[in-house]
Every structure is written in C-alpha cells, then in structure tokens.
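What follows is a single structure, written as structure tokens, with notes after it.
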Amino acid sequence: MRPTVIAVIVVVVAVAIAVGYMVIKLTGPASVYVYVSDKPMQVQHLYVMVSSIMLHNEVSGSWYTCSNASVRLDLTQLTSTSQLVARCNPPNGTYNLIFMQVSSVQAVINGQSYNCSVPSGVIKVPLEPQPIVVNGTSYSINVDMGMVNNVNLTGNDKCLVKPVVKATVTKH
C-alpha cells in the first residue's frame, strides 16, 4: 500500500474514534434503572389441617401424643381470637417443644385456591424462654402460627407457607 492511502486510512480511523468518543461523552454512560414493587396479596382464607400434636419431654427426650384428632383451622378467622385444638393430660415432666403435624394447607388468594405446603410438613413450637414443668400444674399455651402473612406463591401455581411461630404460656 502506498503511504498516502495508509495515511488516509489512519486519519479516517482516528476521526471515527474521536467522533465515537464524543458521542459517548455527550450521551453519558448507560443507565440501569431498578424498580421494586410488591403486589398485595389478599389471603381470604388459609385452611390448615393439623393431624397430630405432640409434646417433647426435655429430660427424657421422649414424645407425648397430646392429640391425633385432625383439626381444620381457617387461620384468617383467628387473627384476634384463638381456638382450642387439643386438651391432654401429659405425665409429669418438663416439656420444651410442641410438634404439630400438618397434613394439608389451602390458601384462597384473590379468589383463587392454592394447595400449599409447609416446610417438612411440621410446625415446631419452642416453649421459650423456659419449658413448662407439668407436676400438678395446668397450662394454657397459645400458639401464634404467623402463617397468614407468610404465604408465598412461588410460580406454576405452587404455594409455600413459612410459619413464624411463637408460644405464649399461661400457668393456671
């Protein structure tokens, strides 16, 4: 190639680079906009079928079955009240955990029904800050399931409910 042709090519490339730089400089860097929203979910009903309730003996490590009767609860109806689900007479001992077997969960959200699941199908309720000591003393234990506000639609009509449980113990 001739030196003049090479010089012209170099000048054209230099001008192209300069114009491209100016265009980028004038328009600025690319921007990314991130938006966040949260669609409100209207959970009209949250039906939970509890199929058994057991108490864990902290000392012996054994389990006492308080109830094997299935109880269907609509947790949306229990936001300002409570419902008795089991009454039992465990042997004397120190109990630190309630174990609730959940056989089914159904949520009605914005008018549509979803079959949901609870991780491991079990709700474990720690009796904190201290266990109950059954030795001629009666107790009322109110379990706040914390499930109505923790319903997650995960796609493909799948539904997961993550309980955030808390027990309040009253000695009689």
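None of the figures in this text is laboratory data; all of them are computed from the coordinates on show. Every value quoted in this text rests on a predicted model; they were computed, and no experiment measured them. We place every Cβ from the backbone using ideal geometry, glycine too, and count neighbours over all the protein chains shown.
Couple of notes before you dig in:
- Legend: calculated FRET efficiency, residue 82 to residue 137, from the Cβ-Cβ distance at R0 = 30 Å, rounded to 0.05, equals 0.90.
- Note, ³J(HN,Hα) from phi for the stretch 65-82, Karplus 6.51, -1.76, 1.60, rounded to Hz, x at Gly and Pro: 7, 7, 7, 10, 7, 6, 10, 9, 10, 9, 5, 5, 8, 10, 7, 10, 8, 10
- With θ taken as phi - 60° and the Karplus curve 6.51 cos²θ - 1.76 cosθ + 1.60 applied, the whole-hertz 3J(HN,Hα) list for the stretch 106-113 is 10, 10, 10, 10, 6, x, 10, 8 Hz, x standing for glycine and proline.
- In this calculation the C-beta distance from residue 120 to residue 156 is compared with R0 = 30 Å, giving a FRET efficiency of 0.90.
- Converting phi to 3J(HN,Hα) with the Karplus coefficients 6.51, -1.76 and 1.60 and the offset θ = phi - 60°, the stretch 166-172 yields 8, 10, 10, 10, 10, 8, 9 Hz in sequence order, with x at every glycine or proline.
- Ellipsoid semi-axes in whole angstrom, largest first, where each is sqrt(5λ) of the Cα gyration tensor of the stretch 52-134: 28, 13, 12
- Gap separating the Cα centres of the stretch 50-90 and the stretch 109-161, nearest whole Å: 11
- Counted residue by residue at 0.36 nm each, then reduced by the alpha carbon distance between them, the extension gain from residue 113 to residue 171 reaches 17.0 nm.
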